[in-house]
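Structure first, then comments.
Computed from the coordinates by the stated procedures, all read-outs in this text should not be read as laboratory data. These figures come from a predicted structure and were not determined experimentally. Every residue, glycine among them, receives a Cβ derived from its backbone with ideal geometry; neighbour counts consider all protein chains shown.
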Amino acid sequence: MAPEGRLPDGANGEPQHLRTVFGRMGFNDREIVALSGAHSVGRMHKDRSGFEGQWTPSPLLFNNEYFQLLLTRTWEADDNAKPRSFSDGKGNTMMPSDMALVKDEAFRAIVLEYASARPLSLSLSLSARLLVGWLVGWFVHET
Ligand code: HEM
């Protein structure tokens, strides 16, 4: 895991938490949503973060399914899970911090835009794309 406080806390579902942490790195709402699209790939591991599961059915593909699922599925809180997470009942899981992207109106409008964009990369600003690459590397090295 990254050192305390450098990345948002997945268990924190407050949109403002994402703005506080990413805002310190100079990211705006658009960039926060774009970067969060990285959760299109990979998965959560019980022994690492405490969360378990994958965000999409295709964790090896970088696409905009993460955004589509956030909007189109009914996410039920799994109150037995610790930390608390959300399930669509079809094998996909979201952390409270992922849900913050559809809870907040401004974030949600951007999620909607990315969810309908094809391909995803067309809708992202060049800077956001470069930063995704940089951050993935940074994230992997810090974990
Ligand atoms: C919005 C704030 C974010 C939070 C709260 C967050 C939190 C997490 C957590 C808890 C995991 C699961 C770790 C594990 O159990 O193995 C994870 C995985 C991952 N995150 Fe994030 N993350 C955030 C943003 C990002 C960003 C900005 C990127 C890259 C641009 C990113 C890329 C990834 C990837 C690729 C994985 C999967 C790793 C794997 O499969 O082992 N995340 N994230």
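Once Rh is set to the Kirkwood radius over Cα pairs, what Stokes-Einstein translational diffusion coefficient, in µm²/s, holds for region 15-142 at a temperature of 25 °C and a viscosity of 0.890 mPa s? All intermediate terms of the calculation are to be shown ahead of the outcome.
Details: Rh = 14.9 Å.
Taking Rh from Cα pairs, D becomes 165 µm²/s.
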Amide H of Asn64 versus every other amide H placed in the peptide plane: which residues, excluding those fewer than 5 positions away on the same chain, fall under 5 Å? Leu120
Cβ-defined net charge surrounding Gly53, 14 Å radius [Lys, Arg +1; Asp, Glu -1]: +1
Which residues' amide hydrogens lie under 5 Å from the amide hydrogen of Arg6, considering only partners 5 or more residues apart or on another chain, with H built in the peptide plane? none
